[in-house]
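This report concerns only the one structure given below.
The values are calculated or read from the model by the stated rules, or taken from the named source; none is laboratory data. For clarity, every value in this text was computed on a predicted model and none was experimentally measured. Here the Cβ positions follow ideal geometry from the backbone for every residue, glycine too, while neighbour counts run over all protein chains shown. Surface areas here come from the heavy atoms of the whole protein model, side chains and all, with no ligands, DNA or RNA. Shrake-Rupley method; radii C 1.70, N 1.55, O 1.52, S 1.80 Å.
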Amino acid sequence: RKSKHDWHYTDLFGQPSYCCVCAQHILQGAFCNCCGLRVSEGCLKKADQRFHCKEIMMSKSGAHSSMPHHWIRGNVPLCSCCMICKQQCGTQPKLCDYRCVWCQYTVHDECMMDYLKTQKCTFGEFRDLIIPPYYLSTINQMRKEKRTDYEKVAPYCRKHWMPVIVLANTRSGNNMGETLLGEFKILLKPVQVFDLSKITPAKALQLCTLLPCNAVRVLVCGGDGTVGWVLDAIDEMKIKGQERYIPRVAILPLGTGNDLSNTLGWGAGYAGEVPVEQILQNVMEADGIKLDRWKIQVTNKGYYNLRKPKVFTMNNYFSIGPDALMALNFHAHREKTPSLFSSRIINKAVYFFYGTKDCLVQECKDLNKKVELELDGERIELPNLEGIIVLNIGYWGGGCRLWEGVGDEPYPLARYDDGLLEVVGVHGSFHCAQIQVKLANPVRLGQAHTVRLILKSSKMPMQVDGEPWAQGPCTVTITHKTHALMLYHSGEQTDDDTSSS
């Protein structure tokens, strides 16, 4: 950046604010997205000269294990509490009291004078997630000396250190990514927070190679498509021989469907109802699990096999039929008018419109006459269907548990780590709607380690994890590819049970 700070302009601050340079009350001005400094527009140059932002590396290299507090005066968060006298801070109508940009501790002016001038910063509640400036300074020195034994530096940080990398897609869901980027930079460190509209996951994840093996956690803020993008980048790390640096992945769901997020306990959609501090706490406490990932190969019929097969990676589900048709129409509409699709509610309304339209038109009827299905090499006789869905996870269609269904039928739970796929059929768009409101069950066709679909005639809509296309006659083969290391938030279910009881 040209400036030391990451300035963002605003026409109205969300709380009473005072300029950190001239101490005057301000309604509009600029704030730093990393350290929280607030100034009037006329004081920007002075603020750049007078105040440092969060350091990425310390000026002196070497094996440090502590650093001083970095205090910013004034504009402390509402309802903050002095760490010395335990009384509320920031209650006076003027520039007063201090906040440390690393540990987030707040202190009264008078308490600061008495006690904290020489205190060392502990990095506060999220010390186990933050990459300290002295760690990167030491790593930088080691790289100059062409040493790569970074594991020896880790003890200088903390015993249970699990640095987190935040990858946010600012285009997902309700466009909350921009706000979240700033909130995470305030609590963590700017170098740990990446905007996926400006840098690819593959480049961002190279930070893992400078951190302890098997310790890094990645928080993906976005929809299921963004999560798939990040998992593909992690697969590239394996190809490069960086397997020991592979991180575990948590999800903050910002998309429309978020079925993978729902399956792993992170919820069906985030709208700002949970504080960012609680999200980081959940990431620290989450348990590691394995997620099956599947290879889908689509081989076109004819053309004397001159065309290369299309190859996809599946995390959630593959489908052919009405739900793929709805996704295809939705994507085509969004390409024409992207500004319209700015909220999750509008997205679902458009899906509903196309689903209702297909109930009348029935574009996918007689699918059972056009498709052959094989499960582990065994041909399955298909009833009268319009769609087939192949599931890897428990949720489908924005929160519906498709395999377990309703009623007393004893079906085993769908798992995401058993190397098995669940295959079901649907009679049409109206049947899909009935399943989603728990008025009907899908047609269960079986479980298998390998699934093959042969589309004999005509063009049909298909989709993999919400990415649709129109496909002519072909053979679709689904086989196990690899495992992804994910984080499971078991507290989600507990929270729901407590609120309902």
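Things worth noting here:
- Rolling a 1.4 Å probe over the protein heavy atoms leaves ARG73 with an accessible area of roughly 90 Å².
- Solvent-accessible area, 1.4 Å probe, carbon plus sulfur percent, for segment 104-256: 49 percent
- Straight Cα distances below 27 angstrom link LYS4 to the lysines LYS45, LYS46, LYS54, LYS60, LYS94, LYS117, LYS120, LYS144, LYS185, LYS189, LYS198, LYS203, with same-chain residues fewer than 8 positions distant left out.
- Here the gap between LYS308 and GLN278, fully extended at 0.36 nm per residue and compared with their Cα-Cα distance, gives a gain of 6.1 nm.
- Within segment 473-489: backbone nitrogen closer than 16 Å to the ILE380 label point (7 Å, Cα to C-beta): 476-480
- R0 of 51 Å, Cβ-Cβ distance GLN242-LYS120: FRET efficiency to nearest 0.05: 0.90
- In this structure segment 66-124 gives 52 Å² per residue of accessible area when probed at 1.4 Å with all protein chains present.
- Distance (nanometres) between label positions extended 7 Å along Cα→Cβ at CYS213 and ASP287: 2.6 nm
- Out-of-range pairs (alpha-carbon distance over 21 Å; input LYS459/LYS481; LYS290/LYS481; LYS238/LYS481; LYS301/LYS459): LYS459/LYS481
- Net length available on complete extension from GLU467 to GLU151 is 109.7 nm, with 0.36 nm assigned per residue and the Cα-Cα distance removed.
- Computed label-point distance, nm, for sites LEU27 and CYS79 using a 7 Å Cα→Cβ extension: 2.7 nm
- In this Cβ point-charge picture (+1 for Lys and Arg, -1 for Asp and Glu), segment 158-285 has a dipole of about 580 debye about its Cα centre.
- For the listed peptides 371-379, 283-291, a ranking on the average number of other beta carbons within 10 Å per residue, highest first, reads 283-291, 371-379.
- For SER17, residues with placed amide H under 5 Å, excluding near neighbours: ILE26
- Model label points for GLU178 and ASP232, set 7 angstrom from Cα along the Cα-to-Cβ axis, are 2.6 nm apart.
- Percent RCO, i.e. relative contact order, over segment 66-124, from Cα pairs under 8 Å lying at least 6 residues apart: 39 percent
- Measuring only protein heavy atoms, the 1.4 Å probe finds LYS46 accessible over about 120 Å².
- Dipole size of segment 66-124 about its Cα centre, with +1 on Lys/Arg Cβ and -1 on Asp/Glu Cβ: approximately 120 debye, rounded to the nearest 20.
- The slack in the chain from SER66 to GLN206, taken as 0.36 nm per residue of separation less the alpha-carbon distance, amounts to 47.8 nm.
- Computing FRET efficiency as 1/(1 + (r/R0)^6) for GLU41 and GLN436, where r is the C-beta to C-beta distance and R0 is 56 Å, gives about 0.65.
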